[in-house]
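K.L.:
Before we start, here is the structure in question, set down as structure tokens.
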Amino acid sequence: MDTLSVSKASRLFWLGRYYERVATTLAYLWNWYDRMIDGAPIDYAGFCSALDIDCSYADAEAFMHGYVFDGDNPVSLRAAADAMLGNGMMLRETIGSRTLAYLELAVSAFESGKDSVTPTLPLQRVIDCIMAFRGSYDDCINDENVRNIIKCGAGVERLSLYLRLGWRMDLVQPEVGKLMKRMNRTRLVPSPDALRLLLAVKASIPPEEKASVLAAVENLFKL
Amino acid sequence: MQELLNHSNEINEQLARYGVKFGIYKDGAFNERLFPFDPIPRQISQGDFKALEAGLVQRVRALNAFIHDIYHEKHIIRDGVVPEEFVYRSPGYLAQCEGATPPKLVYSHISGIDLVLGKDNEWYILEDNLRIPSGASYPLIARTLCRRCSPETFQKNKVADNRNYGMLLKRTMDYVNAGGINVVFTPGRYNAAYFEHSYLAEQSGAVLAESGDLFVENRVLYYRTDRDPVRVGALYRRVSDDYIDPLFFEPSSLIGIPNLMDAYMAGNVAVINAPGNGVADDKGIYYFVPKMISYYLQEEALLKNAPTYLPYFAADMSYVMANLDHLVIKDVAEAGGYGVIFGENLSLAQREELKKAIQLAPRRFIAQEVVDFQEMPVSEGGSLVERKADLRAFVLTGEDVTVWPSGLTRFSRDPDSFVVNSSQGGGFKDTWILCQ
């Protein structure tokens, strides 16, 4: 059937946002694990501030454990992975059991890393599973609208993280272009104001304008 | 079977990979667990299956006839075969369904019939589940995964393929479809059987929907989409009667579809299974099923009930009072293994208390002889142990009545327990119908 319920469209979008949140943030934190081996400082307070999340961690180690692995912490990556799987589970007949299995495997890998002395190895499996999920849904889902709603969610999340974590605008701008192309292959209806602002994004903008670009990204779709 | 046992770990990894779970509420919290799977299957010979199949088809045909009769002419009551108290005081009887005629006159499209194999090698029916019997998805996916993990097992053993359940379900939905798409209607992610809802939707090619995705307009059910609404012709609902329509039943239900019953009563949508079926799978009505078979089909029942007593009848009450210590007492209002009391486990005081409760509300209880059913081998910690096990057979009614050549074998993980329900910690096995 080439129609989707509104609730399914929302779940597809958020599935995309959550998997991208896990994958991009883990990639970002990857070198922090390496730096911690040598005792180098990591700016976890700045990271929390950039993401607008609470920062009540005792030290860097507590942050890395609590932010990455603590499923009871609603802003943790583990909680994002659970939300990714939760959305996926509600879309089984849309994305297929074979594709959904990669999300199950990603969450299992998270669980196995919780008490590991080498957390980067299971976390690498998390990223591997998410990459496999991306390939699987792109290959197995025939409905272009469905595929691209997931990609729109991922695109929005990636832009949000890039902007919050201070990526250079020449790296951000191509992502805006990708998001626009994906959006045009869906039946999602964007907010006209947000769309206008994003279409005008340049490779170089003053820092004070980043906040309005971020707001446009976050408000592009009401899902 | 040794090959399958050798691959136990891989099979369990595969079950986890595909999220084969069930949910359970305990102390107000929802938890999902992997459904414990034992790789040693129940095996039923082709000859035994044929006999079982004939008995199950007969039983389901009679039960369908009974439901139709109860909500229409009520011949069986007028002819004194079933006392009216057992119908009208049954919590499963819904006055709102009086006169309702579902598409193609099918009421119980998917029937889950629970049986045990006695030590006398006879099958005994334990109960009929005609509302929303669950469990088919588990042996369905387990077979696929076992074949993947241990192909040699299936090269050596010729087993009837059970992977056609999705097709059978689709055929059942298509047959009664009143025009429109097929939908599996789930209460949502936090339902105990959510895995099953989503998996069966995928396997049957139906759309999985929750209450917010569906609405009724002009007595027609629609699926709300990002384009125009799409008409629904068959609704495989996994929401119980009480909650399917807040305007007809429980008004506080947030998981139902307002006016669904209007669309159903107008014949514009098939509801699978039909509302009101609970009148026929009530534990009290169970006693009368062999009589129904004789009444509606003029045939002798091919499958036996477990010997059952109704304290409602004076003679049975006397027997129950005198023999409570070796009977099993069931509260007819309970399900899922709850409300089942073994007389032998009660202290003298508890037994007296139960006797009083039975005398006060005889219609509320049934008593059964404890069927000494065969135990099955279960792999536990590297060795084999014997455990009680039952079989839920699935019977699908569409143009014809078909018994799925498989079934859910549930076993108790407690060596001293007869209760096999997943909600009480039980596990499951695949059920093989051997080709020879």
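The values are calculated or read from the model by the stated rules, or taken from the named source; none is laboratory data. Here the structure is a predicted model, which means the values were calculated and not measured. Don't worry about glycine lacking a Cβ; one is built from the backbone with ideal geometry, like all the others, and counts go over all protein chains shown.
K.L.:
Could you figure out which of (1) of a type in the set (Ser, Thr, Tyr); (2) within 14 Å of chain A (Cβ to nearest Cβ); (3) touching a residue at least 60 places away in the same chain (Cβ under 8 Å) isn't true of B:Tyr264?
P.N.:
(2)
K.L.:
Could you tell me whether A:Glu93 is away from every other protein chain (no Cβ under 14 Å), assigned to a helix (DSSP H, G or I), buried (at least 18 other Cβ atoms within 10 Å of the Cβ) and out of contact with any Gly (no Cβ under 6 Å at 6 or more places or on another chain)? Let's see the steps before the verdict.
P.N.:
On the way: away from every other protein chain (no Cβ under 14 Å): no; assigned to a helix (DSSP H, G or I): yes; buried (at least 18 other Cβ atoms within 10 Å of the Cβ): yes; out of contact with any Gly (no Cβ under 6 Å at 6 or more places or on another chain): yes.
In short, no.
K.L.:
Another one. Please state which one of B:Leu52, B:Leu4, B:Leu63 is away from chain A (no Cβ under 14 Å), closer than 30 Å to A:Phe110 by Cα and surrounded by 17 or more Cβ atoms within 10 Å (Cβ to Cβ). Let's see the steps before the verdict.
P.N.:
Numbers: B:Leu52 fails: closer than 30 Å to A:Phe110 by Cα; B:Leu63 fails: closer than 30 Å to A:Phe110 by Cα.
B:Leu4 is the lone residue from the list that is away from chain A (no Cβ under 14 Å), closer than 30 Å to A:Phe110 by Cα and surrounded by 17 or more Cβ atoms within 10 Å (Cβ to Cβ).
K.L.:
May I pose another question? Go through B:Gly233, B:Gly188, B:Gly166, B:Gly179 for me and flag whichever is at pLDDT below 95 and surrounded by fewer than 24 Cβ atoms within 10 Å (Cβ to Cβ).
P.N.:
Numbers: B:Gly233 fails: at pLDDT below 95; B:Gly166 fails: at pLDDT below 95; B:Gly179 fails: at pLDDT below 95.
None of the other options fit; the residue is B:Gly188.
K.L.:
Please go through segment B:35-57 and give me each residue that is over 22 Å from B:Val378 (Cβ atoms) and among the hydroxyl-bearing types (Ser, Thr, Tyr), ordered by number.
P.N.:
none
K.L.:
Testing B:Ala62 on (1) farther than 22 Å from B:Ser134 by Cβ; (2) at pLDDT below 95, one condition comes back false. Which one is that?
P.N.:
The single condition B:Ala62 does not satisfy is (2).
K.L.:
Confirm whether B:Ser111 is surrounded by 13 or more Cβ atoms within 10 Å (Cβ to Cβ) and in a strand (DSSP E or B). It would help to see each step written out before you state the result.
P.N.:
Numbers: surrounded by 13 or more Cβ atoms within 10 Å (Cβ to Cβ): yes; in a strand (DSSP E or B): yes.
It is true that B:Ser111 is surrounded by 13 or more Cβ atoms within 10 Å (Cβ to Cβ) and in a strand (DSSP E or B).
K.L.:
Moving on to the next point. Among the listed residues B:Tyr88, B:Tyr93, B:Tyr71, B:Tyr107, which satisfies the condition of being closer than 25 Å to B:Tyr194 by Cα and either within 14 Å of another protein chain (Cβ to nearest Cβ) or of a type outside the set (Lys, Arg) (or both)?
P.N.:
Numbers: B:Tyr88 fails: closer than 25 Å to B:Tyr194 by Cα; B:Tyr93 fails: closer than 25 Å to B:Tyr194 by Cα; B:Tyr71 fails: closer than 25 Å to B:Tyr194 by Cα.
Within the list B:Tyr88, B:Tyr93, B:Tyr71, B:Tyr107, the selection yields B:Tyr107.
K.L.:
Filter segment B:212-241 down to the residues that are more than 24 Å from B:Arg171 (Cα to Cα) and not in a loop (DSSP other than H, G, I, E, B) and list them by number.
P.N.:
Correct list: B:Gly212, B:Phe215, B:Val216, B:Glu217.
Here's the yes/no breakdown for (1) surrounded by fewer than 21 Cβ atoms within 10 Å (Cβ to Cβ); (2) within 25 Å of B:Ser423 (Cβ to Cβ):
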site	(1), (2)
B:Glu84	yes, no
B:Pro102	no, no
B:Asn121	yes, no
B:Arg131	no, yes
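K.L.:
So which residues in segment B:291-315 are touching a residue at least 60 places away in the same chain (Cβ under 8 Å) and not in a loop (DSSP other than H, G, I, E, B)?
P.N.:
B:Lys291, B:Met292, B:Ile293, B:Tyr295, B:Tyr296, B:Leu297, B:Lys304, B:Asn305, B:Thr308
K.L.:
Taking into account only those residues within segment B:7-34 that are away from chain A (no Cβ under 14 Å) and in a loop (DSSP other than H, G, I, E, B), which is farthest from B:Pro377 (Cα to Cα)?
P.N.:
Checking each candidate, the answer is B:Gly28.
K.L.:
Just to verify a result, which residue in segment A:40-55, among those that are buried (at least 16 other Cβ atoms within 10 Å of the Cβ) and touching a residue at least 60 places away in the same chain (Cβ under 8 Å), is nearest to A:Val117 (Cα to Cα)?
P.N.:
Just the residues of segment A:40-55 that are buried (at least 16 other Cβ atoms within 10 Å of the Cβ), to begin with: A:42, A:44, A:47-48, A:51.
Next, only the ones that are touching a residue at least 60 places away in the same chain (Cβ under 8 Å) stay: A:47, A:51.
Details: A:Phe47: 24, A:Leu51: 27 Å.
Here the answer is A:Phe47.
Listed here are the residues, each with its yes/no results for (1) away from every other protein chain (no Cβ under 14 Å); (2) free of Cβ contacts under 8 Å to residues at least 12 places away in the same chain; (3) assigned to a helix (DSSP H, G or I); (4) more than 24 Å from A:Asn31 (Cβ to Cβ).
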{"position": "A:Tyr57", "(1), (2), (3), (4)": "yes, no, no, no"}
{"position": "A:Ala62", "(1), (2), (3), (4)": "yes, yes, yes, no"}
{"position": "A:Gly66", "(1), (2), (3), (4)": "yes, yes, yes, no"}
{"position": "A:Asp72", "(1), (2), (3), (4)": "no, yes, no, yes"}
{"position": "A:Met84", "(1), (2), (3), (4)": "no, no, yes, no"}
{"position": "A:Asn87", "(1), (2), (3), (4)": "no, no, yes, yes"}
{"position": "A:Thr99", "(1), (2), (3), (4)": "no, no, yes, yes"}
{"position": "A:Leu103", "(1), (2), (3), (4)": "no, no, yes, yes"}
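K.L.:
Also: Among the numbered criteria (1) acidic (Asp, Glu); (2) within 20 Å of the chain's Cα centre (by Cα); (3) over 17 Å from A:Pro74 (Cβ atoms), which one does A:Asp43 miss?
P.N.:
The number of the failed condition is (2).
K.L.:
Next question. Of B:Ala201, B:Ala193, which residue is in the same structural domain as B:Asn12 (by TED's automatic domain parsing), in contact with a strand residue (DSSP E or B) (Cβ under 6 Å, 6 or more places away or on another chain) and aliphatic (A, V, I, L, M)? Don't jump to the end; show me each part of the working.
P.N.:
Working: B:Ala193 fails: in contact with a strand residue (DSSP E or B) (Cβ under 6 Å, 6 or more places away or on another chain).
Being in the same structural domain as B:Asn12 (by TED's automatic domain parsing), in contact with a strand residue (DSSP E or B) (Cβ under 6 Å, 6 or more places away or on another chain) and aliphatic (A, V, I, L, M) holds for just one of B:Ala201, B:Ala193, which is B:Ala201.
K.L.:
Kindly indicate whether A:Val189 is loosely packed, with under 15 Cβ neighbours inside 10 Å, within 14 Å of another protein chain (Cβ to nearest Cβ) and β-branched (Val, Ile, Thr).
P.N.:
On the way: loosely packed, with under 15 Cβ neighbours inside 10 Å: yes; within 14 Å of another protein chain (Cβ to nearest Cβ): yes; β-branched (Val, Ile, Thr): yes.
Criteria met by A:Val189.
K.L.:
Shifting gears a bit: If B:Arg171 satisfies all but one of (1) within 13 Å of another protein chain (Cβ to nearest Cβ); (2) part of a helix (DSSP H, G or I), what's the number of the condition it fails?
P.N.:
(1)
K.L.:
Something else about it: For residues in segment B:72-108 being not hydrophobic (A, V, I, L, M, F, W, C) and not in a loop (DSSP other than H, G, I, E, B), which is nearest to B:Ile244 (Cα to Cα)?
P.N.:
Residues of segment B:72-108 not hydrophobic (A, V, I, L, M, F, W, C): B:72-75, B:78-80, B:83-85, B:88-93, B:96, B:98-99, B:101-104, B:107-108.
Filter again for not in a loop (DSSP other than H, G, I, E, B), leaving B:75, B:78, B:84-85, B:88, B:96, B:103-104.
Working: B:His75: 29, B:Arg78: 31, B:Glu84: 26, B:Glu85: 26, B:Tyr88: 21, B:Gln96: 13, B:Pro103: 18, B:Lys104: 21 Å.
Taking the candidates together, the pick is B:Gln96.
K.L.:
Could you tell me how many of the residues in segment B:8-27 are touching a residue at least 40 places away in the same chain (Cβ under 8 Å) and over 19 Å from A:Ser108 (Cβ atoms)?
P.N.:
The first filter runs over segment B:8-27 and keeps only residues touching a residue at least 40 places away in the same chain (Cβ under 8 Å), leaving B:8, B:10-11, B:14-15, B:18-25.
Within this subset, residues satisfying the condition of being over 19 Å from A:Ser108 (Cβ atoms) are B:24-25.
Count: 2.
K.L.:
Is it true that B:Ala62 is more than 24 Å from B:Phe313 (Cβ to Cβ) and out of contact with any strand residue (DSSP E or B) (no Cβ under 9 Å at 6 or more places or on another chain)? Break it down stepwise before answering.
P.N.:
Numbers: more than 24 Å from B:Phe313 (Cβ to Cβ): no; out of contact with any strand residue (DSSP E or B) (no Cβ under 9 Å at 6 or more places or on another chain): yes.
So B:Ala62 does not fit the description; no.
K.L.:
Continuing with the same structure: Go through B:Asp245, B:Asp228 for me and flag whichever is modelled with pLDDT under 95 and among the charged types (D, E, K, R). It would help to see each step written out before you state the result.
P.N.:
Values: B:Asp245 fails: modelled with pLDDT under 95.
Sole residue among the options that is modelled with pLDDT under 95 and among the charged types (D, E, K, R): B:Asp228.
K.L.:
So which residues in segment B:253-270 are over 17 Å from B:Thr101 (Cα atoms), modelled with pLDDT of 95 or more and surrounded by fewer than 18 Cβ atoms within 10 Å (Cβ to Cβ)?
P.N.:
B:Pro258
K.L.:
With the requirement that a residue be in contact (Cβ under 8 Å) with a residue 12 or more places away in the chain, in a loop (DSSP other than H, G, I, E, B) and either surrounded by fewer than 19 Cβ atoms within 10 Å (Cβ to Cβ) or more than 14 Å from every other protein chain (Cβ to nearest Cβ) (or both), what does segment A:1-34 give you?
P.N.:
Let us first name the residues in segment A:1-34 that are in contact (Cβ under 8 Å) with a residue 12 or more places away in the chain, namely A:2, A:4, A:8-30, A:32-33.
Applying the additional criterion that residues be in a loop (DSSP other than H, G, I, E, B) yields A:2, A:4.
The answer is A:Asp2, and nothing else.
K.L.:
Next question. Please state which one of B:Glu202, B:Glu127, B:Glu152 is crowded, with 18+ Cβ neighbours inside 10 Å, modelled with pLDDT under 95, charged (D, E, K, R) and farther than 22 Å from B:Pro36 by Cβ. If you could, list the steps in order and put the result at the bottom.
P.N.:
Details: B:Glu202 fails: modelled with pLDDT under 95; B:Glu152 fails: crowded, with 18+ Cβ neighbours inside 10 Å.
Among B:Glu202, B:Glu127, B:Glu152, only B:Glu127 is crowded, with 18+ Cβ neighbours inside 10 Å, modelled with pLDDT under 95, charged (D, E, K, R) and farther than 22 Å from B:Pro36 by Cβ.
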